[in-house]
1. Could we say that Pro185 is surrounded by 17 or more Cβ atoms within 10 Å (Cβ to Cβ) and either of a type in the set (Phe, Trp, Tyr) or more than 23 Å from Glu44 (Cα to Cα) (or both) here?
2. Report yes if some residue within region 50-71 is in a strand (DSSP E or B) and open to solvent by less than 30 Å² (accessible area, probe 1.4 Å); otherwise report no.
3. Which members of region 155-200 meet the condition of being within 16 Å of ligand 2 (Cβ to nearest atom), β-branched (Val, Ile, Thr) and in a loop (DSSP other than H, G, I, E, B)?
4. Can you go through Ala5, Ala39 and tell me which one is out of contact with any Leu (no Cβ under 6 Å at 6 or more places or on another chain), farther than 25 Å from Thr247 by Cβ and among the aliphatic types (A, V, I, L, M)?
5. Name the helices (runs of 4 or more DSSP H) wholly inside region 204-302 in which the number of residues that are touching a residue at least 60 places away in the same chain (Cβ under 8 Å) and in contact with a helix residue (DSSP H, G or I) (Cβ under 6 Å, 6 or more places away or on another chain) is 1 or more.
6. Scan region 36-49 residue by residue and report those that are open to solvent by 50 Å² or more (accessible area, probe 1.4 Å) and of a type in the set (Ser, Thr, Tyr).
7. Within region 96-113, which residues are touching a residue at least 40 places away in the same chain (Cβ under 8 Å) and not β-branched (Val, Ile, Thr)?
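The values are calculated or read from the model by the stated rules, or taken from the named source; none is laboratory data. Owing to the predicted nature of the structure, the values given are computational and were not obtained by experimental measurement. No Cβ is skipped: glycine too gets one built from the backbone with ideal geometry, and neighbour counts run over all protein chains shown. Ligands, DNA and RNA are stripped out before the accessible areas are found, and what is left, the full protein with its side chains, is counted by its heavy atoms. Shrake-Rupley method; radii C 1.70, N 1.55, O 1.52, S 1.80 Å.
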Amino acid sequence: MKLPAHVQLIDVAPRDGLQNEKQPVSAAVKIELVQRLQAAGLTEIEVTSFVSPKWVPQMADNAQVMAGIPRLPGVSLSVLTPNWQGFEAALKCQPNEIVVFGAASEAFSQKNINCSIAQSIERFAPVVQAARDAGIAVRGAMSCTVGCPYEGEVAPQRVAYLAGLMKSIGVQRVDVADTIGVGTPRKVQAALEATLQHFALDEVSGHFHDTYGQALANTLAALQMGVWNFQSSVAGLGGCPYAKGATGNVATEDVVYLLHGLGIETGIDLDLLVDAGAFISQALGRPSNSRVGAAVLSKRAA
Ligand code: HMG
Ligand code: MG
C-alpha cells in the first residue's frame, strides 16, 4: 500500500459546516473559527459562500466575515460563487480561490442551484474565465458523485461527464463530493477514477460527508489511489440544506488523527485543532461530532 507522504486539507467548516445551521451564528464567531483554524496550521480554509441570502440565510454575512479575517501569508481562503452576481460580490473580498459548484445528478443541480447541469456550466464559464484573468484560483465542487437524495445511485459515467465539463471551462481542480455520505470505498474509488479521466491526481480532492459512518474508510480508499487533497470539517460540522438528512463532513480532527497515525504529514497541530472544534461546538451549544475531538477533550479532563 503506497500512501502519500503529505496530505493537504481544506477545512470547510465555516462554509459547509455553518451553512446548515438554523440558529444564526455571528460574524465574530465565524471569524474566530477561521482564525483558530489558521492557528492550528490549516493553510486552506473554505470561508463562506456568495449565494442568495434567501436560499442560505446563514451565509448572508459573507463580505463581513471575509473583511474580518486577518490574512496570513501562505493561507488560501476560498469562497463559493454559483454565478456572476456571486463572483462580483466575492471579488471585492479578495479570495485566493473561488469555487463553482455543480452536480453529477440533474435533480440535485435543480434543487441546489435552480438550473440544469448544462445551464450551470454556462453560468460558470465566464466566472471561471474572469477569476483566472484576475489571478484567482478556481476549484470546482462536484456534488452527488456517488448518490443523490433525489435520484438514488449515481453512475461513474455521470461523474466523468461533469468532470469533463468542468475541465472544458478552465476549472483547475475538482472536489469529488459524496454529498449525502452514502459511499463505500469501492464506489468512491469509482467516482475518483471517473474524475481522473479528465483531471490529474494532484487536481482531485475527496469531500466526504459522514452520514453512514463511511467517510474515514473512504478517505483511506482515496489515499490508496494516491489522492492527497481532502476537504473536512472541524467538529464534523456540515450538510447541505438541499440534501435533507445528510450530516456533516468527516471531522478534520478524525482525518488528522488517521493521517498522523499513518505517518502522513499534514502541518496541523491536533491539539489546537481540537480547541477550534471545542470553540465552535460550544458556540453552537452542542457536543462535537468528532470522535477524536471528544476523546482528546475527555483525556484532558481526566
Ligand atoms: P435563482 O433564484 O435561480 O437566481 O438562484 P436568479 O438569478 O433567478 O435571481 C433571483 C434572486 O436571487 C435575485 O434577487 C438575485 O439578485 C438573487 P431578487 O431580485 O429576487 O431580490 N441572487 C443572488 N443574491 C446573492 N448572491 C448571488 C445571487 N444570485 C442571484 N450569488 C442561486 C440561483 C444559485 C443564486 C440559488 O439557487 C442559490 O443561492 N443557491 C445556493 C445553494 C447553496 O448554497 N447550496 C449549498 C452549497 S453547495 C454544497 O453544500 C455542496 C458541497 O459542499 C459539495 C457536496 O458536499 O456536495 C459544495
Ligand atoms: Mg459538502
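1. no
2. No, every residue in region 50-71 fails to be in a strand (DSSP E or B) and open to solvent by less than 30 Å² (accessible area, probe 1.4 Å).
3. Listed by number, the residues that qualify are Thr179, Ile180, Val182.
4. Ala5
5. 252-261, 270-284
6. Listed by number, the list holds a single entry, Thr43.
7. Answer for region 96-113, where residues must be touching a residue at least 40 places away in the same chain (Cβ under 8 Å) and not β-branched (Val, Ile, Thr): Asn96, Glu97, Phe101, Gly102, Ala103, Ala104, Ser105, Glu106, Ala107, Phe108, Lys111, Asn112.
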